[in-house]
Amino acid sequence: MPVDRETSNSSKNPSIDEVISTRLSRRSLLGGGVGAAALVGVGALSACVPETPAGPGATSTTASPTTVAPAGPLLGFDSVAASTADRIVVADGYVAEVILPWGQPILSGGPAWKADGSNTAAEQAQQIGFNHDGIHYFPLNAEEGNRKGVLALNHEYTDATQIYAAAPSPVTAEHVAKALAAHGVSIVQVELRNNKWRLVDSPYNRRITGSTPMTMSGPVTAAHPKVASSFPIEGTLNNCGNGATPWGTYLTAEENWNQYFGTEDAAYVVPAEAARYGVPKNNSLKWHQANQRFDLAVNPNEINRFGWIVEIDPFDPQSTPVKRTALGRYKHEGAAFAESAGVAVLYSGDDENAEYLYKFVGNAPWRDLRAASKSPLDEGDLYVAKFNDDGTGEWLPLIHGVGPLTVANGWADQAEICIRTRAAADAVGATKMHRPEWVAVSPIDGTVFCTLTNGSGNVSAANPRTANPYGSIMSWKEAGGDFRSLTFAWDVFAFCGDPAYPALTSAPGDIVGDLYGSPDGIAVDAEGRIFIQTDISNSSQNLASKGYDNIGNNQMLIADPFTRETRRFFVGPRGCEITGVTMTPDSQTLFINVQHPGEATPAFGTPTNANPRAVSNWPDYDPNGRPRSATVVIRKIGGGSIGS
């Protein structure tokens, strides 16, 4: 979304550009050249990892696993060509099915989809939400888990030209209610029947929306003076990336939540701590004109109820979602889990230019905490990353009383740090990143990958490009192979981009294989394959002036971590983003999402409420309809792991 490209960070902290640029300079002097900055394979970091102890309370470490290249090639498919067509394209030998489009009722007998956009708010609350994003598959049971499961999928934001039959002018309470109903999460049971995946009626099927009752747990609760309000705590918004806990719950990340608030009160001044999150006095959505919950002057604490990671139990339809405040408040892109000595560790990026990368480390094994009726997401410490130009890094504590985070410096307690997480990271000297997005952990050797979609300025050793329209993928290994460690060794897995446009970036792309830019979603399968999804902004897609005319529509690629070879596996329709990746336990069924097909894209056109099909009409191709986000299920013909 365009709001991702904002910059709210005016701190003097070093940027990843500066760090990487210094490192590249050193390598050039040593004769390595720019290309040496990228990994030769996932094992390349092992010798560089400093041996330092894990975080507070750690009593043991996990030995660093040995990386052994597979006996045969990991990539067993031929690349598909870049495409600008209004259709999905998948590698030969695979079949792709479309399921769960926006507006499909989650139960049989529910309100039918209306192709003219006239479904009401009450109807939308019983249908699949809008703009699919992160997704996770929960096997129903061990015996049938490869063909029966529960899918949880996020719905990030709404587009007024698609969701409404007519332009919302003026914005009414019904307009806001429908948009709220289209946000959030859909939880549905799916099954493989007669060789096709489909939604089935189930007691698990439910919608969680922008109006669903919520609770807050951790250092910040509903009683906190910066949260308390006459309005109840409701809803989750701008649900972008996701995660799943080892104890079987779903995590949904609230990203660009700042855009929903505004006021017409001329006397209102946005407080500095809200401005640090990019909260505007006014916005284009105008929800505050029809619903006082979103009026900054009337309900100023509402903004502090968003920017969290929300935990949901997909197998208990009566459970109340919980905002886990110990994980910090920012524009969460996702939640990637790792585990050392039974302790849960969670990584998450703050998806805005010049923002930070975070890690939460539990203070005890998660099984012990749950046995004591405690949440592993409430019990632990929050850290933020600092990248050094010698290829090392450290996790800086965001812990009350440590370093500058003291009462004397205006930090009252841990709750204050959790509410003002960005400012706390500023204070300790974290490294500014180029839109840190999804994080994935390799089950092969523990390498952690993070996509940096794109950005500008803020040069550092880990962000070496002053001009960076293409993005990059970072990687690191924690010291001693222990995810609780507070030091790590880092490198750049890939500098993305098209070498045909060297003037657009200050460091050339070094992709081995098919070109891509603006990496976003990322995942690593059980055999080590890296699934990379792109989010080229609609303002750049297929435009030579932006250096993207050779790359085509947004896509998913698969990379071999040992050789760095990358092959294009899937391409989406016009105007879309490819996002969300999850598999069945046997790795033979892949679920991904196609988000915002048909969104305004200068290369193709500008949709309106009268003509929502100006850019795309996928997947229905109804001459009187409109494009719809949907889930795509991919399987290999004849069986086998995806990508093999």
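The table that follows gives values for the structure above.
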read-out	value
For the stretch 408-453: Kirkwood Rh in Å [reciprocal of mean 1/r, alpha carbons]	13.0 Å
Fully extended contour minus Cα-Cα distance, from Val402 to Glu527, at 0.36 nm per residue	41.0 nm
Whole-angstrom Cα spans of the stretch 371-528 along principal axes, big to small	53, 37, 26
Relative packing of peptides 602-615, 412-425 - highest average C-beta neighbours within 10 Å first	412-425, 602-615
Sequence ranges 309-319, 474-484, ranked by mean other-Cβ count within 10 angstrom, highest first	474-484, 309-319
Over the stretch 150-253, relative contact order from alpha-carbon pairs under 8 Å, at least 6 apart, %	29 percent
Over the chain: helical MRE at 222 nm, DSSP H runs n ≥ 4 each giving -39500 (n - 2.57), nearest 500	-2000 deg cm²/dmol
Against the rule of thumb 2.2 N^0.38 Å, how large the Cα Rg of the stretch 495-629 comes out	1.13
Gain upon complete extension [Asn282, Lys374; 0.36 nm per residue less C-alpha separation]	29.1 nm
Relative contact order (%) - criterion: Cα under 8 Å, at least six apart; region: the stretch 191-305	21 percent
Sequence-separation-based contact order of the chain, relative, with Cα cut under 8 Å and 6+ spacing, percent	20 percent
Gly380 long-range amide H proximity, modeled H, under 5 Å	Asn363
Cα-based radius of gyration of the chain once divided by 2.2 N^0.38 Å, which approximates compact folds	0.89
Computed FRET value (nearest 0.05) for Asn550 with Ser10, which takes r as the C-beta separation and R₀ as 45 Å	0.80
Paired Rg and Dmax values of the stretch 368-435, which use every Cα atom, in angstrom	14.2, 43
HN-Hα J in Hz across the stretch 291-298 - Karplus 6.51, -1.76, 1.60, θ = phi - 60°, x for Gly and Pro	9, 5, 4, 9, 8, 4, 6, 7
From phi via Karplus (6.51, -1.76, 1.60), per-residue ³J(HN,Hα) for the stretch 115-128 in Hz, x at Gly/Pro	5, 8, x, 8, 4, 7, 4, 5, 6, 4, 5, 10, 10, 4
Of Lys281/Lys432; Lys114/Lys178; Lys281/Lys546; Lys432/Lys546, pairs whose Cα-Cα distance is over 20 Å	Lys281/Lys432; Lys281/Lys546; Lys432/Lys546
Calculated log₁₀ intensity ratio I(q)/I(0) where the Debye formula runs over C-alpha points of the stretch 212-308, q = 0.15, 0.16, 0.24 Å⁻¹	-0.62, -0.70, -1.41
Among 154-164, 210-220, 348-358, the order from most to least packed when residues are scored by Cβ within 10 Å on average	348-358, 154-164, 210-220
Spatially proximal lysines relative to Lys196 (Cα-Cα < 22 Å; intrachain offsets below 8 disregarded)	Lys148, Lys636
Within the stretch 607-622, backbone nitrogen closer than 13 Å to the virtual label 7 Å beyond the Cα of Ser169 toward Cβ	608-610
Karplus (6.51, -1.76, 1.60) ³J(HN,Hα), θ = phi - 60°, over the stretch 315-329, in Hz, Gly and Pro reported as x	9, 10, x, 8, 6, 9, x, 10, 8, 8, 7, 5, 7, x, 10
Kirkwood Rh in Å, taken over the stretch 180-257 so that all alpha-carbon pairs contribute	14.9 Å
Convex hull of the stretch 177-216 built on C-alpha atoms - directionally averaged projected area, nm²	3.9 nm²
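Quick note: the coordinates plus some simple rules give every number you see, no bench work behind them. Because the structure is a prediction, the values reported are computed rather than measured. Cβ: placed from backbone, ideal geometry, glycine included. Neighbour counts: every protein chain shown.
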